[in-house]
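Report on the following structure.
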Amino acid sequence: MSKIIATIDKRAVLVRAPFFALLWWIMTGGDVASWLVGAPIVLVATLTSASMLSSSSWSLKGVFSFAAFFVWQSLRGGTDVALRAIDPRLPISPEVIEFPLRVPPGLLRVILANSACLLPGTLSVDLEGEVLKVHVLDGDSNPMAELKNLEWRVIQMGGASLRLQVDSDR
């Protein structure tokens, strides 16, 4: 246990503890008596979060950029699928494509696989090894370019070291 605590980023604890405390306060309506249970929960949540996700590995600018991208693509994807369902003249040429991944295994890869579903007419089918299989409604619409753009935005969240690693692979 002491080894785990020694490896935790102290800055992450200083940022996350107030966040989790505020979250607890909001959820309990500011009830002072709730802190008997809340204090240990905030402590465990803070230490777990700080040990699992290093704050130094994330780019705040990348996270905000991805959030805006996510909202826009969600709207765009929903509209595209709805229009294809309503208008039979819009092309539908379904296929399963394989997208080679450059994002390292872990949380960012899972975020990429789950976020691929928000692109217009796409659905993640399988994440196996270094390949993400994606079902697309229109294979002629250049889904690889859309997936590369999504992957780059996920990489942006990974911070400078991940961007440099991926750039050197190009």
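In the list 150, 123, which residue meets the criterion of being open to solvent by less than 50 Å² (accessible area, probe 1.4 Å) and at pLDDT 90 or above? Full working, then the answer.
Numbers: 123 fails: open to solvent by less than 50 Å² (accessible area, probe 1.4 Å).
One residue alone meets the criteria, 150.
Tally up the residues in region 57-78 that are of a type in the set (A, V, I, L, M), open to solvent by 70 Å² or more (accessible area, probe 1.4 Å) and under 13 Å from residue 118 (Cβ atoms), please.
Taking region 57-78 and keeping what is of a type in the set (A, V, I, L, M), we get 60, 63, 67-68, 71, 75.
From what is left, the residues that are open to solvent by 70 Å² or more (accessible area, probe 1.4 Å) are 60, 71, 75.
Narrowing the set further to residues that are under 13 Å from residue 118 (Cβ atoms) leaves 71, 75.
Going through region 57-78 one residue at a time, the tally reaches 2.
Can you tell me which residue within region 29-50, out of those that are farther than 22 Å from residue 10 by Cβ and open to solvent by 90 Å² or more (accessible area, probe 1.4 Å), is modelled with the lowest pLDDT? Filtering first and then ranking leaves 32.
Checking 130, 95, 146 one by one, the residue that is in contact (Cβ under 8 Å) with a residue 12 or more places away in the chain, in contact with a helix residue (DSSP H, G or I) (Cβ under 6 Å, 6 or more places away or on another chain) and among the acidic types (Asp, Glu) is 95 and no other. Check region 6-28 and report whether any residue there is in a loop (DSSP other than H, G, I, E, B), open to solvent by less than 70 Å² (accessible area, probe 1.4 Å), of a type outside the set (Lys, Arg) and at pLDDT 90 or above. Within region 6-28, one or more residues are in a loop (DSSP other than H, G, I, E, B), open to solvent by less than 70 Å² (accessible area, probe 1.4 Å), of a type outside the set (Lys, Arg) and at pLDDT 90 or above.
Every condition in (1) at pLDDT below 90; (2) closer than 21 Å to residue 52 by Cβ; (3) part of a helix (DSSP H, G or I) holds for residue 140 except the one numbered (2).
Return yes when residue 118 is in contact (Cβ under 8 Å) with a residue 24 or more places away in the chain, touching an Asp or Glu at 6+ places or on another chain (Cβ under 9 Å) and surrounded by 14 or more Cβ atoms within 10 Å (Cβ to Cβ) and no when it is not.
So residue 118 fails the test.
In region 56-91, which residues are among the β-branched types (Val, Ile, Thr) and closer than 21 Å to residue 156 by Cα?
Initial filter on region 56-91 (among the β-branched types (Val, Ile, Thr)): 63, 71, 79, 81, 86.
Listed by number, the residues that qualify are 63, 71.
The values are calculated or read from the model by the stated rules, or taken from the named source; none is laboratory data. Every value quoted in this text rests on a predicted model; they were computed, and no experiment measured them. Cβ atoms come from the backbone with ideal geometry, glycine included; neighbour counts cover every protein chain shown. We work out accessible area using only protein heavy atoms, side chains counted, and drop any ligands, DNA or RNA first. Shrake-Rupley method; radii C 1.70, N 1.55, O 1.52, S 1.80 Å.
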